[in-house]
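Visitor: This structure is in structure tokens; I'll ask about it shortly.
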Amino acid sequence: MSPRDGLADAPMLALDDPAWARLSCAQGIALGVPALLAQLDGATEDSWQSPPWQALWAALCDEGRVHPASFAAVPHIVAALAEAPERACPSHFVLPASIELARAASDAVIPDSLIDGYVAALARLPLLAGLVATPDWDETLCASALAATAAATGQHALAELLLEADDVDAVLAWLRAD
């Protein structure tokens, strides 16, 4: 199946590449990450607590820490979104955005072999956000897509604000208060 955005997939480490055994994740060696990424193809649950999202979060961006496998995974997450935008869920946007925010906050080094794919996948997120947007989006999905757009364009503070503002009405009330 070809991506709906008409763009070629970002260069990515194949899921069966032995190099995953040389990448680390929060649990150690990232050997289980490719199997989790392969599950995104048919994932229909939109909660970060549902499989495979919960396991991906735990492996790739646990407590705001990123690992080399995090950078290898982002192109796969973005490609899954491009292949099936009708299944877009907040984690398609929030996990890559959170990985980018954690990378920037910790000044984590992206391995040379992964940087092109990571950067190309991030650059694709704003276009995908626009392509998958629908009038019936809920606030969470909309804020997630906007946060990913902000993170992908280097607007890290704005992305963090969008991710942290659980109650937009309360934030607006606070901003409008004298």
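Visitor: I'm checking my understanding of the structure. Among residues of segment 82-102 that are hydrophobic (A, V, I, L, M, F, W, C) and part of a helix (DSSP H, G or I), which one is farthest from Gln155 (Cα to Cα)?
Guide: Going residue by residue through segment 82-102, those that are hydrophobic (A, V, I, L, M, F, W, C) are 82, 84, 88-89, 93-95, 97, 99, 101-102.
Subset that is part of a helix (DSSP H, G or I): 82, 93-95, 97, 99, 101-102.
Details: Ala82: 22, Phe93: 15, Val94: 14, Leu95: 16, Ala97: 11, Ile99: 14, Leu101: 10, Ala102: 13 Å.
Only one residue fits best here, namely Ala82.
Residue-by-condition table, conditions (1) closer than 26 Å to His67 by Cα; (2) without any contact (Cβ under 8 Å) to a residue 60 or more places away in the chain; (3) of a type in the set (Val, Ile, Thr):
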site: Asp116; (1), (2), (3): yes, no, no
site: Arg124; (1), (2), (3): yes, no, no
site: Leu131; (1), (2), (3): no, no, no
site: Leu146; (1), (2), (3): yes, yes, no
site: Ala150; (1), (2), (3): yes, yes, no
site: Gln155; (1), (2), (3): yes, yes, no
site: Glu164; (1), (2), (3): yes, yes, no
site: Ala173; (1), (2), (3): no, yes, no
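Visitor: Counting only residues that are acidic (Asp, Glu) and buried (at least 23 other Cβ atoms within 10 Å of the Cβ), how many does segment 73-102 have? Lay out the reasoning, then the answer.
Guide: Our first condition is that a residue be acidic (Asp, Glu); within segment 73-102, this holds for 83, 86, 100.
Subset that is buried (at least 23 other Cβ atoms within 10 Å of the Cβ): 100.
Total meeting the criteria: 1.
Visitor: While we're looking at this one, here's another question. Is there a residue being part of a helix (DSSP H, G or I), in contact (Cβ under 8 Å) with a residue 40 or more places away in the chain, open to solvent by 40 Å² or more (accessible area, probe 1.4 Å) and within 19 Å of Ala157 (Cα to Cα) anywhere in segment 103-113?
Guide: Step one: list which residues in segment 103-113 are part of a helix (DSSP H, G or I), which gives 103-106, 112-113.
Remaining after also requiring in contact (Cβ under 8 Å) with a residue 40 or more places away in the chain: 104-106, 113.
Keeping just the survivors that are open to solvent by 40 Å² or more (accessible area, probe 1.4 Å) gives 105-106, 113.
Next cut, within 19 Å of Ala157 (Cα to Cα) only: 105-106.
Yes, segment 103-113 contains at least one residue that is part of a helix (DSSP H, G or I), in contact (Cβ under 8 Å) with a residue 40 or more places away in the chain, open to solvent by 40 Å² or more (accessible area, probe 1.4 Å) and within 19 Å of Ala157 (Cα to Cα).
Visitor: Which of the residues belonging to segment 6-22 are in contact (Cβ under 8 Å) with a residue 60 or more places away in the chain and under 16 Å from Ile115 (Cα atoms)?
Guide: The answer is Asp9, Ala10, Pro11, Met12, Leu13, Ala19.
Visitor: Any idea how many residues of segment 56-74 are more than 9 Å from the chain's Cα centre (by Cα), assigned to a helix (DSSP H, G or I) and not acidic (Asp, Glu)?
Guide: Of the residues in segment 56-74, 11 are more than 9 Å from the chain's Cα centre (by Cα), assigned to a helix (DSSP H, G or I) and not acidic (Asp, Glu).
Visitor: Does Asp16 count as modelled with pLDDT of 90 or more and of a type in the set (Asp, Glu)?
Guide: yes
Visitor: Conditions first: (1) surrounded by fewer than 24 Cβ atoms within 10 Å (Cβ to Cβ); (2) at pLDDT 95 or above. Pro52 passes all but one, so which condition is the exception?
Guide: Of the numbered conditions (1) surrounded by fewer than 24 Cβ atoms within 10 Å (Cβ to Cβ); (2) at pLDDT 95 or above, the odd one out for Pro52 is (2).
Visitor: Among Cys61, Cys25, which is the only one that is more than 26 Å from Leu158 (Cβ to Cβ), at pLDDT 95 or above, surrounded by 24 or more Cβ atoms within 10 Å (Cβ to Cβ) and not polar (S, T, N, Q)? Quick ask: steps written out before the conclusion?
Guide: Details: Cys61 fails: more than 26 Å from Leu158 (Cβ to Cβ).
The unique qualifying residue is Cys25.
Visitor: Looking only at residues that are of a type in the set (S, T, N, Q) and outside any helix (DSSP H, G or I) in segment 114-173, which one is most open to solvent (accessible area, probe 1.4 Å)?
Guide: Gln155
The values are calculated or read from the model by the stated rules, or taken from the named source; none is laboratory data. What you see is a predicted model; the values in this text were computed from it and never measured. Heads up, the Cβs are rebuilt from the backbone with ideal geometry, glycines too, and the neighbour counts pull from every protein chain shown. Remember, those area values only see protein heavy atoms, side chains included, never the ligands or the DNA or RNA. Shrake-Rupley method; radii C 1.70, N 1.55, O 1.52, S 1.80 Å.
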